[in-house]
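Contents: one structure, followed by commentary.
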Amino acid sequence: MKKKIVILGATGSIGKTLINILKINKNDFEILLLTANKNLNDLLKQVNLFNVKNIIITNYEEYILAKEKLKNKKINIYNNFNELDKIFKNKKIDYAMSAISGIEGLNPTLKIIKFTKEIAIANKEAIICGWPLINYSLKKYQTKFIPIDSEHFSIWSLLEGSKDKDIEKVFITASGGPFNKYPIKKFKTITVKKALMHPNWKMGKKITIDSATMINKVFEIIEAKKIFNFNYDKLEILVHPKSYVHAIVKFTNGLTKILIHETSMKIPIFNSLYPDFKKKINSKKLDFLIINNLDFQNVDKKRFPIVDILKKMPSNDSLFETVLVSANDSLVNLFLNKRINFLDIEKNIKKIVNRVEFQKYKKIKPKNVTQIRKLHEYVSSIIKPLGV
Ligand code: NDP
Ligand code: MG
């Protein structure tokens, strides 16, 4: 029987990587719903290719345009995620991919959990800000969770049910991005174009900038802490410019497991769709030139001072994570729009998270999406004037 699937954020980098896998294995899947914000052209191509009957387009103008373009077709078009009941009735689909970028992905992720047997989550901001809510829904609706961020998929594969007490240390690798060797004194003149030139990974713009500042690894440490319920002292960042090893786990029995795969998100995504060797994927030969020179380095904190922000993170799930993610979301936007320079991102993140008014959030556990959304909007409202 065909696997019934949904892609939230189908037109993004992760969404398209998944679509490419589905294209090759078209007979195995039926896509019930695709969503996008405003990239109608790409969404419509996917709709035609897979004969999709339901779409959500969150940008209002594009939603109206879609209604016009598809008026003669039997396709249900929605502008938000409030009517999922209508689409799925009371039947669970098999697999949902959560790949909307930024904190905007949290609400759709929470909403889809009820309707799917499995959810693969790439949207790290949703995990970082809303993990207690996601975890609650996963349990309530008995939905299986698969982490898609490559490091987390690797850790998840390496752990294979081992207990927290059996794990001594977990290393998450970082490529170091485009500025791992760039002269620090030239950082203030880094252009958007340069920051978007990631040496190894082809990703959406926001996460590419996050990789250039290294906050992406701060996020990934927080993400791992939440998903696997580790303490922060169990987790460490290791710079590995080749991005061949994605995670290393040292166990208390003396064994260490390392996970290697080619630098492409198609590997974790494929494995989330086809677990247990159900199908083969075309992958590159093992590269011994890289293996013979893995070249691990500690993070240079003069170059990437943002990693110190981890010391400020509370040990329990809190709303403070939303302050950090929201500050970064807005500042990266300002940088992408050429309103602030590269160094302003880190400088202003620190200013925001150090504000006295936000310290109380370290002790408040997120209870619902509205609370997270309101805080997100407040932090964004403080940051906007910084760009003028
Ligand atoms: P992209 O920017 O390439 O794509 C984002 C997707 O989300 C697009 O489909 C976009 O629609 C949609 N979207 C954006 N804003 C909204 C909104 N407000 N409401 C609804 N939909 C929206 O991102 P990536 O694919 O790179 O990343 C997606 C997530 O996965 C991020 O959280 C990222 O951190 C994480 N991730 C990504 C990796 C990668 O390799 N790319 C690796 C690991 C994690 P539209 O195209 O119409 O704008
Ligand atoms: Mg990653």
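The values are calculated or read from the model by the stated rules, or taken from the named source; none is laboratory data. Values in this document were obtained by computation on a predicted structure and should not be read as measured data. Counting neighbours? That spans all protein chains shown, and the Cβs are built from the backbone with ideal geometry, glycine included.
A few points about this structure:
- Of the residues making up the range 175-192, at least one is outside any helix (DSSP H, G or I), under 22 Å from the mean Cα position of the chain (by Cα) and within 13 Å of ligand 1 (Cβ to nearest atom).
- Residue match in the range 183-205 (condition: within 13 Å of ligand 2 (Cβ to nearest atom), touching a residue at least 40 places away in the same chain (Cβ under 8 Å), out of contact with any strand residue (DSSP E or B) (no Cβ under 7 Å at 6 or more places or on another chain) and within 17 Å of residue 127 (Cβ to Cβ)): yes
- Counting only helices (runs of 4 or more DSSP H) wholly contained in the range 29-132, the ones carrying 2 or more residues that are farther than 27 Å from residue 377 by Cβ occupy 40-50, 60-69, 84-88.
- Of all residues making up the range 136-159, the number that are under 30 Å from residue 244 (Cα atoms) and either away from ligand 2 (no atom under 16 Å from the Cβ) or touching a Leu at 6+ places or on another chain (Cβ under 7 Å) (or both): 6
- Residues in the range 101-119 that are touching a Gly at 6+ places or on another chain (Cβ under 8 Å) and within 16 Å of ligand 2 (Cβ to nearest atom): 101, 105.
- Residue match in the range 291-301 (condition: within 16 Å of ligand 2 (Cβ to nearest atom) and either of a type in the set (D, E, K, R) or modelled with pLDDT of 95 or more (or both)): yes
- Close pairs (6 angstrom Cβ cut-off, 6 or more residues apart or separate chains): over 13 Å from residue 145 (Cα atoms) in the range 87-115, among the acidic types (Asp, Glu) and within 16 Å of ligand 2 (Cβ to nearest atom) anywhere: 102/125; 103/125
- The residue list 113, 121, 64, 56 contains one member that is at pLDDT 95 or above, away from ligand 1 (no atom under 12 Å from the Cβ) and crowded, with 18+ Cβ neighbours inside 10 Å, which is 113.
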